[in-house]
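What follows draws every value from the coordinates through simple rules; no lab data is involved. Since the structure is predicted, the reported quantities are computational estimates derived from the model, not experimental observations. Every residue, glycine as well, gets a Cβ built from its backbone with ideal geometry; the counts of neighbours run over all protein chains shown.
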Amino acid sequence: MGVAGAGKTTLGKALAEALNWPFVEGDDYHPPANKAKMARGEALVDADRAPWLTALSQRMAALDGQSTDAIVACSALKERYRARLAEGVSDVRFVFLSGRPEAIARRIRERQGHFMPPTLLESQLAALEPPEGAIRVAVEDTTDEQVRSILRRITGGPCP
């Protein structure tokens, strides 16, 4: 979890590969109207996020119901969003990608083909409620460093 441009998808895919778990891209669960709104540079409000949170929560609960562990990449900016996502799921651990706003803004500017413009970073940072108890990793670390750090914390031992 984290703001746009923090590297959620890149890290999520790498972590899912390391664990041999399925990867779920949270952006895929946004209705087209949400993506269009963000592409226009308009920040989402709670009413916009409600159907997205419901759909993503249902996907997570379905995977849990199949006893399938998975990695889900999504912003989950507020505590109530995280609580909604965790409904009906037996075990959820949050990884919080955090870093300097300048570094994140640079990443957003450099990526290609994403609907989220750099102008929305400020609104995401304003909405962000940093999670307590989450595994925190720095956006400035390499993806390999992030994966090793997370694996070390969830397995309790050294990782390659």
Toy charge model, Lys and Arg Cβ at +1, Asp and Glu Cβ at -1: the chain dipole around Cα centroid in debye, rounded to 20, equals 200
Only helices counted: for the chain, with every DSSP H run of 4 or more residues adding -39500 (n - 2.57) and the sum spread over all residues, [θ] at 222 nm is -15000 deg cm²/dmol
Quick calc: nm separation of the 7 Å Cα→Cβ label points for ARG152 and THR9 -> 2.9
A chain fully extended from LEU125 to THR143 at 0.36 nm per residue, minus the present Cα-Cα distance, gains in nm 4.3 nm
Here the relative contact order (percent) of the chain, from C-alpha pairs under 8 Å and at least 6 apart, is 34
Of the candidates ASN20, ILE154, GLN124, the farthest towards the positive dipole end of the chain (Lys/Arg Cβ +1, Asp/Glu Cβ -1, centred on the Cα centre) is GLN124
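Percentage of Cα-Cα pair distances in the chain greater than 19 Å, rounded to whole percent?
54
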Low-density loop trypsin sites (Lys or Arg not before Pro), region 55-113, at most 16 other Cβ within 10 Å, DSSP non-H/G/I/E/B, are LYS78, ARG93, ARG111
Those trypsin sites (Lys or Arg not before Pro) from region 1-45 that are DSSP loop and have at most 12 other Cβ neighbours within 10 Å turn out to be ARG40
Expected unfolding gain across GLN58-GLU102 under the 0.36 nm per residue rule, minus the alpha-carbon gap, is 12.4 nm
